[in-house]
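Shown next, in structure tokens, is the structure this report addresses.
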Amino acid sequence: MAPHQTVVMDNGGCTIKVGLAGDLSSLRMIPNCTAKVKGERQGYIADTVLAFKDVLSLVVRRPIDRGYVVSWDLQRDIWTRVLKHVVGVNASTIRLVLTEPLFNLPALHDTLLQVLFEEIGVQEVFIGPPPVFSLRWHAHCHPGSLANTAGCGLVVDAGFSFTHAVPVFDWRVLQPAVRRIDLGGKALTNHMKALVSYRSINMMEETYLMELIKEQLCFVSQDPQTDLAASRGKASRHRRVYVLPDGVSDKLGHVLDEAGGETMPIQKDTALVVNSERFMVPEAIFHPSGIGLEQAGLAETIAAAVQAAHPTLHGLLYSNVLLTGSDRDVPAINQNNHTDP
Amino acid sequence: MDRRSLRERKVSERFAVLDKADQRQAVNARLEALEEDDAQENALAPGSDDEEFTVREDSDGESIPAAGGSTKKRKLKTGSMRKTRGMVAERARGPKLFRDWLEEADLAHDPGPNYLTAAMGPPRSRSTRHSCTVCGDASKYSCTRCGSRFCSRRCNATHVETRCLKFTL
């Protein structure tokens with residue numbers, strides 16, 4: 001039987017982005033994990049995690065370690081579930097377009113093929129690096145620019161597990177010029193979790209909730225020194241209070257709306273105070289040495305990746321820097337790249 | 001062979017300065033912890049039989065299809081799952097981590113661009129933005145023992161009392 005549908009799947013460390021080729025409305029973001037409440041037997045997988053609203057003490061297991069799939073049993077179960085119930089196709093009748101992290105180890109690549117063909121049973125598969133797909137889409141949305149016509153650009157992929165600066169030319173990744181910072185959204189979440197646990201309320205067991213809080217409150221500061229000075233004391237303008245979920249009326253918690261006249265909750269242990277962490281946590285991407293990681297920051301990484309490419313490409317690469325990945329949503333991350341020396 | 005003074009004083013543990021390697025080890029342990037999935041996952045994983053992780057579907061009671069895309073549907077009884085000795089052993093160990101795979105691949109002798117060559121080197125300039133590990137404010141000082149940053153005597157006192165090398169070494 002000839003395959004008749006093409007499924008596109010981006011297998012990310014945090015979420016799987018999946019959909020049918022040529023049909024944007026079928027695009028879904030599914031958590032790439034299984035979750036269960038501490039102390040209970042029943043687990044939840046992939047899209048059922050989204051439907052599950054009680055986020056307190058959620059234990060999350062992910063198949064991906066440092067950006068590479070290592071837990072294949074888990075990953076196979078998630079893929080099977082996603083293909084069957086989210087996309088709604090029979091896995092044995094499809095073509096699959098799949099992303100694979102750069103520099104995947106040969107042993108892991110072989111396992112990937114084995115799982116796809118023998119256990120999931122897809123008909124045909126195309127495996128490619130995510131930055132090229134991003135750049136293709138970017139070129140599709142902004143046709144006409146010189147760099148996009150040449151299939152040339154620098155893709156900054158700020159993901160969940162690590163951050164890559166990837167020069168692309170003629171739709172090919174320039175492998176020797178790729179640069180990586182071993183710091184991504186997951187590390188930031190855990191870092192923030194440790195900080196607020198020490199300073200405010202113990203959140204060490206609430207990684208899932210911390211992820212939500214980070215997404216709502218963090219931003220990239222244009223001038224960390226000034227902002228740090230401004231966040232001193234009680235009258236700090238960066239101070240926010242996150243009301244933790246009570247498990248009854250408020251399942252996810254929310255940011256306290258002080259301007260709207262909402263008052264502090266009576267119990268102190270339900271109000272998480274977040275202050276300078278809001279911008280000092282994302283700051284780690286720009287200065288990893290701040291948290292002890294001996295690697296250069298994002299701006300220097302981009303420059304190094306461009307410098308490592310052929311000199312004639314420098315102009316084209318600098319003219320077309322594309323920022324993708326889950327961390328791109330941190331407000332103002334874009335401007336900072338321009339201002340940072 | 002160097003002669004050591006017989007009158008060597010024993011320095012109190014509170015003032016003993018760690019050497020660079022030990023400080024580095026403490027920092028690395030902290031960085032390693034940043035990539036962990038869940039704090040209590042490790043406590044869960046080995047051998048605790050009643051706390052095992054079984055994934056079921058909630059609505060129709062039908063299990064996740066088994067390997068090979070077989071259409072046979074197994075009914076999964078609550079919490080029971082056929083276990084082979086290999087599965088039990090793997091659960092006890094947990095899946096192989098990326099670190100182990102990387103060691104096996106032995107990339108140090110690989111000439112081409114690979115995972116190791118893509119890693120970004122150390123920064124050319126040191127960051128001037130330090131923040132106090134206790135309160136988050138800008139900090140000027142660092143702990144004499146472990147090298148963590150702090151901003152004031154009060155924060156240092158808190159640091160020494162609650163944190164300084166208590167959980168990492």
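The values are calculated or read from the model by the stated rules, or taken from the named source; none is laboratory data. The shown structure was predicted, so the numbers you read here are calculated from the model rather than taken from an experiment. All Cβ positions, glycine included, derive from the backbone under ideal geometry; neighbour counts span all protein chains shown. Only protein heavy atoms, including side chains, enter the accessible area calculation; ligands, DNA and RNA are left aside. Shrake-Rupley method; radii C 1.70, N 1.55, O 1.52, S 1.80 Å.
Listed values, structure above:
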| quantity | calculated |
| --- | --- |
| Neighbours by Cβ (under 8 Å, 6+ apart or cross-chain): first from the stretch A:197-214, in contact (Cβ under 8 Å) with a residue 24 or more places away in the chain; second of a type in the set (Lys, Arg) and open to solvent by 20 Å² or more (accessible area, probe 1.4 Å) | A:GLU205/A:LYS38 |
| All positions within the stretch A:268-291 that are more than 9 Å from every other protein chain (Cβ to nearest Cβ) and touching a Pro at 6+ places or on another chain (Cβ under 7 Å) | A:ALA271, A:PHE279 |
| Those residues of the stretch A:179-209 which are of a type in the set (Asp, Glu) and under 23 Å from A:LYS36 (Cα atoms), in sequence order | A:GLU205, A:GLU206 |
| Filtered residue count, the stretch A:195-237, keeping only those that are more than 24 Å from the chain's Cα centre (by Cα) and among the aromatic types (Phe, Trp, Tyr) | 1 |
| Hits in the stretch A:175-212 (condition: of a type in the set (Val, Ile, Thr) and open to solvent by less than 10 Å² (accessible area, probe 1.4 Å)) | A:VAL178, A:ILE181, A:THR189, A:VAL196 |
| Pair list, Cβ < 6 Å and 6+ apart or interchain, from the stretch A:54-69 residues that are farther than 15 Å from A:THR189 by Cβ to residues that are outside any strand (DSSP E or B) and of a type in the set (A, V, I, L, M) | A:PRO63/A:LEU74; A:ASP65/B:LEU97; A:TYR68/A:LEU108 |
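Quick grid of which residues meet (1) assigned to a helix (DSSP H, G or I); (2) modelled with pLDDT of 85 or more; (3) more than 10 Å from every other protein chain (Cβ to nearest Cβ):
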residue: A:ALA187; (1), (2), (3): yes, yes, no
residue: A:GLU205; (1), (2), (3): no, no, no
residue: A:GLU211; (1), (2), (3): yes, yes, yes
residue: A:VAL220; (1), (2), (3): no, no, yes
residue: A:ALA229; (1), (2), (3): yes, no, no
residue: A:ARG232; (1), (2), (3): no, no, no
residue: A:VAL241; (1), (2), (3): no, yes, yes
residue: A:ASP257; (1), (2), (3): no, no, yes
residue: A:MET264; (1), (2), (3): no, no, yes
